[in-house]
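Asks: Provided herewith is a single structure, encoded as structure tokens, for subsequent inquiry.
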Amino acid sequence: MTDVLAVTDHRRGELRDVSYEIITAGRELADETGGDLHLAVISGTVDEFADGLNREGVDAIHTVDHGEEFNHDIYTQTITQLYDELAPQYVVTPNSVNGLDYAPAVANELDLPIVTDAVGLETDGETLIATREMYGGKVETTNELEGDAVVTIRSAEWPKAEGTGDASIEAFDADIDEDAIGSTVTGFEEVGGGDVDISEADVLVSVGRGIEEEDNIPLIEELAEALDATVSSSRPIVDNGWLPKNRQVGQSGKVVTPDVYIAIGISGAVQHVAGMKGSDTIVAINTDPNAPIMDIADYAIHDDLFDVVPALTEQFQ
Ligand code: FAD
């Protein structure tokens, strides 16, 4: 019987969705090992975060009240010490910017194997089988790790844990070596696009190369405004400099899971679909009925965006 330690993620005072998804992933693993699921909540408003994360399936929550924002050294030191204290078999972290920052350092400190960006996890208690996607989701690989391991999970692959739990919540007395803290977050500066985080949006109006030129982008923005939605895009739009990088959906952009994703003039290349296939309802507007996006769309509008988009905007205004 061995335990699982899952690490939660937050930024600028807000828990990230993956913090709830990691509970589901961790619980599934803990059920397979027959052990407990421990959650680590490090930095930020830890008591408030711990209350919010006390969902069904969590056995124990360990809080470490040290600083407001993510810090590589604090996370690495804390998780290493929690591993020594709790002796879990698996340390599971989000495959987020933060997770990818500290997870390899933790694996290195603990001399454990690591698999990143897992989209599936299974164990028989001895061998961990982690599934990863390659070539933009065209093939899947299975990676077998013996014994203890560190694994980072992709966001939006596991459902969020629901239901109120009855986990114990305890402050963990981490022995932080302040002299070893080599960097500190002093502030945030958004790279264009204001404060928008498309991965948190409920409705996304996403624009692709079918829009033809930058001067046509306001058409999309007007529809987004009418729908109270957020604008996102495929990569060529960002590569052209028509929208900032934080609007890009896909393999080299962001993974999004809105209630509604409206793909306008987007073909549905595997690298794009990798970032939006978890959307609840997909609407595609495309002049090509054979575009791959039409196959995965719940509503496929086979028509010219320059006719459809203004008509939709008028309808919803
Ligand atoms: P296109 O493929 O050119 O599609 C345009 C679509 O618009 C077509 O389907 C066309 O029928 C339609 N259209 C044209 N005119 C109209 C009209 N008037 N009305 C309606 N429809 C119209 N791409 C991403 O998006 N995100 C990523 O993160 C990403 N990462 C990548 C990583 C790597 C390593 C590589 C190699 C590629 C990556 N790509 C990514 C690029 C990806 O392969 C595609 O090139 C890109 O997604 C295509 O963008 P698009 O659909 O906007 O353009």
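Asks: Which helices of the chain meet both criteria: a Cα extent of 18 Å or more along the helical axis and a mean Kyte-Doolittle score no lower than 0.0, with helices taken as whole DSSP H segments?
Replies: Flagged H segments are 97-110.
Asks: What is the pair-distance distribution P(r) of the chain, computed from all Cα-Cα distances in 20 Å bins starting at 0, with each bin given as a whole percent?
Replies: 31, 51, 17, 0
Asks: What percentage of the solvent-accessible surface of the stretch 2-178, computed with a 1.4 Å probe over protein heavy atoms, is contributed by carbon and sulfur atoms?
Replies: Accessible surface attributable to carbon and sulfur in the stretch 2-178 totals 40 percent.
Asks: Label ASP101 and PHE316 with points 7 Å out from Cα along Cα→Cβ: what is the distance between them in nm?
Replies: 3.4
Asks: Still on this model: Can you report the principal axis dimensions of the stretch 201-314 using only the alpha carbons, biggest first, rounded to whole angstrom?
Replies: 31, 28, 24
Asks: Let me ask another. What is the sum of charges, Lys and Arg at +1 and Asp and Glu at -1, for the other residues whose Cβ falls under 11 Å from the Cβ of GLY99?
Replies: Spelling it out: positives minus negatives among the neighbours equals -1.
Asks: Using the heavy atoms of the protein chains and a 1.4 angstrom probe, tell me the accessible area per residue for the chain in square angstrom.
Replies: Spelled out: the 1.4 Å probe surface of the chain, per residue, equals 47 Å².
Asks: Also, quick follow-up: Where in the chain is the longest stretch that carries no GluC sites (Glu not before Pro) classed as loop by DSSP and with at most 14 other Cβ atoms within 10 Å?
Replies: 214-317
Asks: Hey, another quick one. D for the stretch 2-178, whole µm²/s, Stokes-Einstein with Kirkwood Rh over alpha-carbon pairs at 20 °C and 1.002 mPa s: what number?
Replies: 136
Asks: What size of dipole, in debye to the nearest 20, comes out for the stretch 201-314 about its Cα centre when the only charges are +1 on Lys and Arg C-beta atoms and -1 on Asp and Glu C-beta atoms?
Replies: For this selection, approximately 700 debye.
Asks: Which value, in Å² rounded to 10, gives the accessible area of ASP31 with a 1.4 Å probe and all protein chains present?
Replies: 100
Asks: Looking at the chain, identify the longest residue range that excludes and avoids all trypsin sites (Lys or Arg not before Pro) in DSSP loops having at most 16 other Cβ atoms within 10 Å.
Replies: 161-317
Asks: When the Cα centres of the stretch 65-107 and the stretch 44-59 are compared, how far apart do they sit, in Å?
Replies: About 17 Å separates the Cα centre of the stretch 65-107 from the one of the stretch 44-59.
Asks: Where a Cα-Cα gap under 26 Å defines reach, which lysines qualify for LYS245, not counting those fewer than 8 residues away within the same chain?
Replies: The qualifying lysines are LYS138, LYS254, LYS277.
Asks: Let me ask something else. Using modelled amide H (1.01 Å from N, peptide plane; none on Pro or chain starts), what sits under 5 Å from the amide H of HIS10, excluding residues fewer than 5 places away?
Replies: ARG16
Asks: Right, here's the next one. Keeping every protein chain in place, order MET134, MET294, MET276 by accessible area at 1.4 Å, biggest value first, i.e. largest first.
Replies: Output order, biggest surface exposure first: MET134, MET294, MET276.
Asks: Now for a different question. Determine the distance separating the Cα centre of the stretch 289-317 from the Cα centre of the stretch 207-274; give it in Å without decimals.
Replies: Answer, in whole Å: 14.
Asks: Only helical DSSP H runs with n ≥ 4 go in: add -39500 (n - 2.57) per run for the chain, normalise by residue count and round the 222 nm mean residue ellipticity to 500 deg cm²/dmol.
Replies: Taking each H run of at least 4 residues, the total per residue is -8500 deg cm²/dmol.
The values are calculated or read from the model by the stated rules, or taken from the named source; none is laboratory data. Remember, it's a predicted structure, so these values are computed and weren't measured experimentally. Note that each Cβ is placed from the backbone with ideal geometry, even for glycine, and that neighbours are counted across all protein chains shown. Accessible surface is based on the protein model in full, side chains and every heavy atom, while ligands, DNA and RNA are left aside. Shrake-Rupley method; radii C 1.70, N 1.55, O 1.52, S 1.80 Å.
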